[in-house]
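Novice: One structure follows; several queries about it will come next.
The values are calculated or read from the model by the stated rules, or taken from the named source; none is laboratory data. Remember, predicted model here, so these are calculated numbers, not experimental data. FYI the Cβ positions are ideal-geometry reconstructions off the backbone, even for glycines, and counts take in every protein chain you see. Note: accessible area is taken over every heavy atom of the protein model, side chains too, but ligands, DNA and RNA are not part of it. Shrake-Rupley method; radii C 1.70, N 1.55, O 1.52, S 1.80 Å.
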Amino acid sequence: MFILKTLAIVVLRFKQWIAVHLPFLIPKRRGGIHHMVLSVVLIALALMVRFSIAPVNAGLQYVVFFPAVTLAAVVGGFKPGLLATISGAFFATYFFTPPYHSISMEVLQRAFGGNMVFLMDGLVVSISIEAMHRYRMQLAQELKKSVDVNSVLEESTLRLKNILDNQFAYVVLLDTHGVILEVNKSLLDWSRYRREDVINQYFYDLPCWSYNKTVQAQLLAAIDAALQGKTLRYDVAVKIGDDFVVIDFQISPIRNKEGRIVGLLPVAVDISLRIKAEEALKKSRAQLKTFVSQAPIAIAMFDRNMNYLETSGRWLHDFGRGYANLNGLNHYQVYPDLPEKWKQVHQQCLSGAMLKNDEDLWIQADGSKCWLRWAVMPWIDENDAIGGLIMSAEDITGRKQNEAHLAEQAWQLQETDRRKDEFLAMLAHELRNPLAPISNAVEILKLTDLQPAQIARCTDIIKRQVKHLARLVDDLLDVSRISRGLVELKKESLEVRDFILPAVETCQPLIDTRRHTFSLALPPDPVWVEGDRIRLAQIVSNLINNAAKYTEEGGHIGLSVEASSSEVCIHVSDNGSGIDPADLSCLFDLFYQADCNIDRAQGGLGIGLSLVHNLVAKHGGNVQAFSAGRGQGSEFVVRLPRLILSTPTSPITAAPAAPSPNKLCILVVDDNRDVTESLAFLLENDGHQVLTAYDGIFALETAQIKRPDIILMDIGLPGMDGYAVVQALRQNHELERSMLIALTGYGQPDDRKKSIASGFDEHLVKPVDIEKLRKLLASYQTTSFHESS
């Protein structure tokens, strides 16, 4: 770690030097072409260093490549770091893994462990360094914001100075050591001091105090008392030039919002000119009213009887209750519904208190909630008595609502993230479950002297678990397509038996395995709905499967259908484990599972009921769950719009095509040798002649020479992909009668359209349904396939 930090510092200093002396070499953004080229250069240099320090067979290749990856990530970010990681892994495999200078399967297998560790380390380093870079950029942005805040603070300080300068009294702002931070203009004019002579000087060392040790000692005692939180006021004679003036002096602490004393505020009034002081006070009151009326915030001035003296325009807008002018009106008459607590606040402030609240909830007469930030303080009249109140208020309801909304969104994000983690854990569990019996069955099949019954049992296990894996993948794809609005329903007029009976037939093996009794009650007369036959059967089978899984063995499951004039109700009930009432509201949420015990006895990903809910909604219906609680069983009710037919029709079911006895020449193409060889074995066992190829170029050559009847081809092939191969094959007139079938893991509707458009005749999704493949082969006609189509 020390070496990495040292390298990072060296790179940073070098980058700063280049930015100053060679700025044209610095790219405008991280991860650009300059950095990608630099990452390749670094790996090449590391390769040269490796060749120079040790023989090829000495190892150590990752030791020199790892610093190169780190430097690439520090300089360019994630993408250059990732490119350097991949390049390093390639060079380590090609140059230093025997047999050398080769990328064969043997070399890849030998280098697999080291490459995986190197790739993971490189990925972690690249991501970590990129995260550190972004965090640094974020800090820079926050620093910029703090600079903006300082600007606002400077403006606020300037406004404060302007306010102080407009005060009639002599005001000084001290720090906690008694050093002068600010003085107002009145004091400078009165004392004939210059501002630059008093700022940053000790207040008690000014000539007006230091002329007399007793006066100075009295001031020092007052400062000490103020630092302890007290406010002292006394009359004292001070020397101004050659004259002595008696002033009314007061010193009080200044507190921040946490209540900590951060400064002192001495205030003085020249009482030797009482009349002039009274006139100045009257003038100041008028200025205060002007300030209130012109203030940009909601502020109002009241006399002792709470009659309005002056209001700002903002106060009239927010709290004027429609009045064009509140002056002379009584506040309690304007607000007859004013809560009692406000009247208590007014009385406390009329007694000399200064109160405020940054977040106060006010329940209005109509029951609506209003959040206020307010401050109330008394104002002093010419007789040095409390003449009334000054009240400021701000409606912060919108801000509080936004805060509540943000808090709710944060909770929802946390809940979504938690469910995502649970889903990933469940998905890993559900994928391992079928893989375990498949692995066991494969190991059993390796044994010799197996009885036919044992072999059949193993193949049945593999077949069942592969189908289970396929169902998991199909469910996940269904959820993805529905969430993105990509599911298109093929609606038709259906009698309820058209989709209920196939669904029951699909679930019957699970019902029999768990020894449940099953009852089915259908209306005696045909009941019709409009919908997608397959999707409606999926809805019913999901509900029956859930009932079978969550009911103890030997339980009872019931399915009944009721019809009204406007809707059809499908009831699926059981006497199983039941549902906690607290879970009912979330039961149809994606990935939600009411019972997430570690035993995972029932399995599943928590997506079945979400699929049911979404598919029912797309049919214009709704689904509800009912349960009296744990151990009380449950019932699911699906409601669909009823379709009234003037002339009932019967569904037409196509008869299955009879398999053809033709023995065909089939070319199987897939870069996965296990897929190719296993499928070739099955087809050969059916009596067909099978050819194999593992890449696109060899497949094209084989097809042109052998001219097979059927070509089963993967799309993602090395060298030449399946789309390119099929387009080339279609240019060969000798292969016009060949049926081209895409065999791929891509099964989205767009994937099917693309494969057909490129020239494939059919599109099958892995793992292939062998019975469906056999029907396709049986449908092949030995007379020119494309000429007859």
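Novice: Can you pull out the helices (runs of 4 or more DSSP H) entirely within the range 678-789 that have at least 3 residues that are among the small types (G, A, S) and either surrounded by 13 or more Cβ atoms within 10 Å (Cβ to Cβ) or touching a residue at least 24 places away in the same chain (Cβ under 8 Å) (or both)?
Specialist: Where helices (runs of 4 or more DSSP H) fall fully within the range 678-789 and carry at least 3 residues being among the small types (G, A, S) and either surrounded by 13 or more Cβ atoms within 10 Å (Cβ to Cβ) or touching a residue at least 24 places away in the same chain (Cβ under 8 Å) (or both), they are 696-706, 722-729.
Novice: On the basis of being farther than 27 Å from K356 by Cα, within 60 Å of the chain's Cα centre (by Cα) and either open to solvent by 20 Å² or more (accessible area, probe 1.4 Å) or among the charged types (D, E, K, R) (or both), does E196 make the cut?
Specialist: Yes.
Novice: Give the range 506-517 a look and list any residue that's among the hydrophobic types (A, V, I, L, M, F, W, C) and either exposed (fewer than 14 other Cβ atoms within 10 Å of the Cβ) or under 22 Å from Q624 (Cβ atoms) (or both), or say none.
Specialist: C507
Novice: Now for a separate question. When the range 235-254 is examined, which residues are found to be at pLDDT below 90 and assigned to a strand (DSSP E or B)?
Specialist: Of everything in the range 235-254, those that are at pLDDT below 90 and assigned to a strand (DSSP E or B) turn out to be D235, V236, A237, V238, K239, I240, D243, F244, V245, V246, I247, D248.
Novice: Only residues that are within 22 Å of D384 (Cα to Cα) and among the aromatic types (F, W, Y): list them for the range 237-267, please.
Specialist: Result: F249, single match.
Novice: Now for a separate question. Kindly establish whether E771 is at pLDDT below 90 and either within 25 Å of V466 (Cβ to Cβ) or aromatic (F, W, Y) (or both).
Specialist: yes
Novice: Cβ-Cβ below 7 Å, separation at least six or inter-chain, first residue in the range 576-588 and closer than 23 Å to G555 by Cβ and exposed (fewer than 15 other Cβ atoms within 10 Å of the Cβ), second small (G, A, S) and modelled with pLDDT of 75 or more: which pairs?
Specialist: D580/G629; P581/G629
Novice: I've got another one for you. Need the failing condition index for A693 against (1) over 44 Å from the mean Cα position of the chain (by Cα); (2) within 19 Å of R774 (Cβ to Cβ); (3) modelled with pLDDT of 90 or more, just the number.
Specialist: Of everything listed in (1) over 44 Å from the mean Cα position of the chain (by Cα); (2) within 19 Å of R774 (Cβ to Cβ); (3) modelled with pLDDT of 90 or more, A693 misses just condition (2).
Novice: Another question, if that's okay. So how many residues does the range 48-87 have that are at pLDDT below 80 and either open to solvent by less than 40 Å² (accessible area, probe 1.4 Å) or within 17 Å of H133 (Cβ to Cβ) (or both)?
Specialist: Of the residues in the range 48-87, 6 are at pLDDT below 80 and either open to solvent by less than 40 Å² (accessible area, probe 1.4 Å) or within 17 Å of H133 (Cβ to Cβ) (or both).
Novice: Taking interchain pairs and intrachain pairs at least six residues apart, which have beta carbon atoms under 8 angstrom, with the first residue in the range 243-259 and over 17 Å from A222 (Cβ atoms) and the second small (G, A, S)?
Specialist: Close Cβ pairs satisfying both conditions: F244/A237; V245/A237; V245/S272.
Novice: Condition first: under 28 Å from V473 (Cα atoms) and either among the hydroxyl-bearing types (S, T, Y) or modelled with pLDDT under 85 (or both). Can you find one or more residues in the range 724-738 that meet it?
Specialist: No: zero hits.
Novice: Cβ-Cβ below 6 Å, separation at least six or inter-chain, first residue in the range 206-229 and open to solvent by 60 Å² or more (accessible area, probe 1.4 Å), second assigned to a helix (DSSP H, G or I): which pairs?
Specialist: Hits for this filter: L220/Y204.
Novice: Now for a different question. Could you list, in sequence order, all residues of the range 92-136 that are open to solvent by 90 Å² or more (accessible area, probe 1.4 Å) and closer than 14 Å to F78 by Cβ?
Specialist: M132, R134, Y135
Novice: Right, something else. Within the range 553-570, work out how many residues are of a type in the set (D, E) and at pLDDT 90 or above.
Specialist: Qualifying residue count for the region: 2.
Novice: Please go through the range 345-390 and pick out each residue that is in a strand (DSSP E or B) and acidic (D, E).
Specialist: Across the range 345-390, the qualifying residues are D358, E359, D360.
Novice: Farther than 22 Å from D395 by Cβ, surrounded by 16 or more Cβ atoms within 10 Å (Cβ to Cβ) and touching a residue at least 12 places away in the same chain (Cβ under 8 Å): is that true of A298 in this structure?
Specialist: Judged against the criteria, A298 is not a match.
Novice: Same structure again: Please find, among I223, I247, I240, the residue that is of a type in the set (A, V, I, L, M, F, W, C) and in contact with an Asp or Glu (Cβ under 6 Å, 6 or more places away or on another chain).
Specialist: After ruling out the rest, the residue left standing is I247.
Novice: Need pairs with beta-carbon distance below 8 Å; first residue without any contact (Cβ under 8 Å) to a residue 60 or more places away in the chain and within the range 102-119, second of a type in the set (S, T, N, Q) and in a helix (DSSP H, G or I); sequence gap 6+ or separate chains.
Specialist: I103/T93; V107/T93; L108/T93; A111/T93; N115/T93; F118/T85; L119/T85
Novice: Please pick out the residue among P266, P336 that is modelled with pLDDT of 85 or more, in a strand (DSSP E or B) and of a type outside the set (A, V, I, L, M).
Specialist: The unique qualifying residue is P266.
Novice: Quickly run through the range 381-418 and pick out the residues that are within 30 Å of M301 (Cβ to Cβ) and surrounded by fewer than 14 Cβ atoms within 10 Å (Cβ to Cβ).
Specialist: Of everything in the range 381-418, those that are within 30 Å of M301 (Cβ to Cβ) and surrounded by fewer than 14 Cβ atoms within 10 Å (Cβ to Cβ) turn out to be N383, D384, A385, G398, R399.
For every residue, the table says whether it meets (1) open to solvent by 40 Å² or more (accessible area, probe 1.4 Å); (2) at pLDDT below 70; (3) part of a strand (DSSP E or B).
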| residue | (1), (2), (3) |
| --- | --- |
| V572 | no, no, yes |
| D599 | yes, yes, no |
| G603 | no, yes, no |
| A625 | no, no, yes |
| L640 | no, no, yes |
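Novice: Okay, next question. Limited to the range 529-570, what total is found for residues that are open to solvent by less than 10 Å² (accessible area, probe 1.4 Å), of a type outside the set (S, T, N, Q) and assigned to a loop (DSSP other than H, G, I, E, B)?
Specialist: Residues in the range 529-570 being open to solvent by less than 10 Å² (accessible area, probe 1.4 Å), of a type outside the set (S, T, N, Q) and assigned to a loop (DSSP other than H, G, I, E, B): 1 in total.
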